[in-house]
1. Would you say Pro190 is under 26 Å from the mean Cα position of the chain (by Cα), part of a loop (DSSP other than H, G, I, E, B), under 19 Å from Lys88 (Cα atoms) and not small (Gly, Ala, Ser)?
2. Output the residues belonging to segment 144-166 that are over 17 Å from Pro86 (Cα atoms), assigned to a loop (DSSP other than H, G, I, E, B) and out of contact with any Pro (no Cβ under 7 Å at 6 or more places or on another chain).
3. Looking at segment 188-203, which of its residues are farther than 17 Å from Thr147 by Cβ and crowded, with 16+ Cβ neighbours inside 10 Å?
4. So, of the residues in segment 149-162 that are surrounded by fewer than 16 Cβ atoms within 10 Å (Cβ to Cβ) and touching a residue at least 24 places away in the same chain (Cβ under 8 Å), which turns out to be nearest to Phe120 (Cα to Cα)?
5. Assuming Val118 fulfils every condition listed in (1) in contact with an Asp or Glu (Cβ under 8 Å, 6 or more places away or on another chain); (2) assigned to a loop (DSSP other than H, G, I, E, B) apart from one, which condition is it?
6. Tell me, please, whether a residue that is part of a loop (DSSP other than H, G, I, E, B), at pLDDT 80 or above and open to solvent by 40 Å² or more (accessible area, probe 1.4 Å) can be found in segment 64-85.
7. Would you point out the residue of segment 166-182, among those that are free of Cβ contacts under 8 Å to residues at least 60 places away in the same chain and not charged (D, E, K, R), that is surrounded by the fewest Cβ atoms within 10 Å (Cβ to Cβ)?
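The values are calculated or read from the model by the stated rules, or taken from the named source; none is laboratory data. Not measured: the values here are computed from a predicted model. FYI the Cβ positions are ideal-geometry reconstructions off the backbone, even for glycines, and counts take in every protein chain you see. Each accessible area value is taken on the protein alone, full model and side chains, heavy atoms only, with ligands, DNA and RNA left out. Shrake-Rupley method; radii C 1.70, N 1.55, O 1.52, S 1.80 Å.
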Amino acid sequence: MSNQPKWAWWVVGIVIPLIGIVVSIQLATKSDSGGSAGGSSDPSSDGKGSAQSANPAAPQAAGTPGSGSNPTAPAAGQPAKVLAGPTKFTLSSGSNYVDLDSSSPVPRPAGKGADATVGFNVPPPALDVPGSSNVLALVADQGAEPTRDECSRAIGKNGTYTSGEMKVGTRYCLQTDEGHIAYLRVATVPTYTSVTFDVTVWE
């Protein structure tokens, strides 16, 4: 029998388990705080992840569908994409309409879906917009060819539905019925039977 007092064994029986419990709690607390400090792979566990899940839609670039701007306008700082051209097409008394909303503008005899027409039966021949929408604008004959944005601004400021008298080198900007912007230049002397245009159409 040991000479140690009975209360000593009582202390050992209570204190040691208590120490074990305290150590376990401290280790568990450090483990939890370490996981938070190190970051969780679950994006919803931090502030950024919560913000992203609350607003999953990323900001859209200007000019893209759904942003509320012109769907055909190029994104900010991006060059305009060319849909057709530079190329040529000839309108004649038998095929005096053209649809510019394709990669290969083709003259046609009827006006359905057409964006421009030339009236050869009323002198002088003039470039007109079917439906008389004010989407055709004359631009200066001199200087560099206009860009898409310059054409768009010219149409917004000086848009009309008819070209007036045409001559070689006369230049126009036009907005198609699908919202594309086109640049046209009279390439040949207009006659009462035909006229040829240089054209570029942007998406």
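1. Working: under 26 Å from the mean Cα position of the chain (by Cα): no; part of a loop (DSSP other than H, G, I, E, B): yes; under 19 Å from Lys88 (Cα atoms): yes; not small (Gly, Ala, Ser): yes.
Judged against the criteria, Pro190 is not a match.
2. Gly159, Tyr161, Ser163, Gly164
3. Residues of segment 188-203 farther than 17 Å from Thr147 by Cβ: 188-197.
Within segment 188-203, Pro190, Ser194, Val195, Thr196, Phe197 qualify.
4. Checking each candidate, the answer is Thr162.
5. So Val118 meets the others, but not (2).
6. Narrowing segment 64-85 to residues part of a loop (DSSP other than H, G, I, E, B): 64-81.
Then keep just the ones that are at pLDDT 80 or above; that gives 80-81.
Okay, now just the ones that are also open to solvent by 40 Å² or more (accessible area, probe 1.4 Å), so 81.
Checked against the condition, which is being part of a loop (DSSP other than H, G, I, E, B), at pLDDT 80 or above and open to solvent by 40 Å² or more (accessible area, probe 1.4 Å), segment 64-85 yields at least one hit.
7. Gly169
Here is a yes/no grid of residues against (1) surrounded by fewer than 20 Cβ atoms within 10 Å (Cβ to Cβ); (2) within 22 Å of Leu91 (Cα to Cα); (3) of a type outside the set (S, T, N, Q):
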| position | (1), (2), (3) |
| --- | --- |
| Val122 | yes, yes, yes |
| Leu127 | no, yes, yes |
| Ser133 | yes, yes, no |
| Asp141 | yes, yes, yes |
| Thr147 | yes, no, no |
| Gly164 | yes, yes, yes |
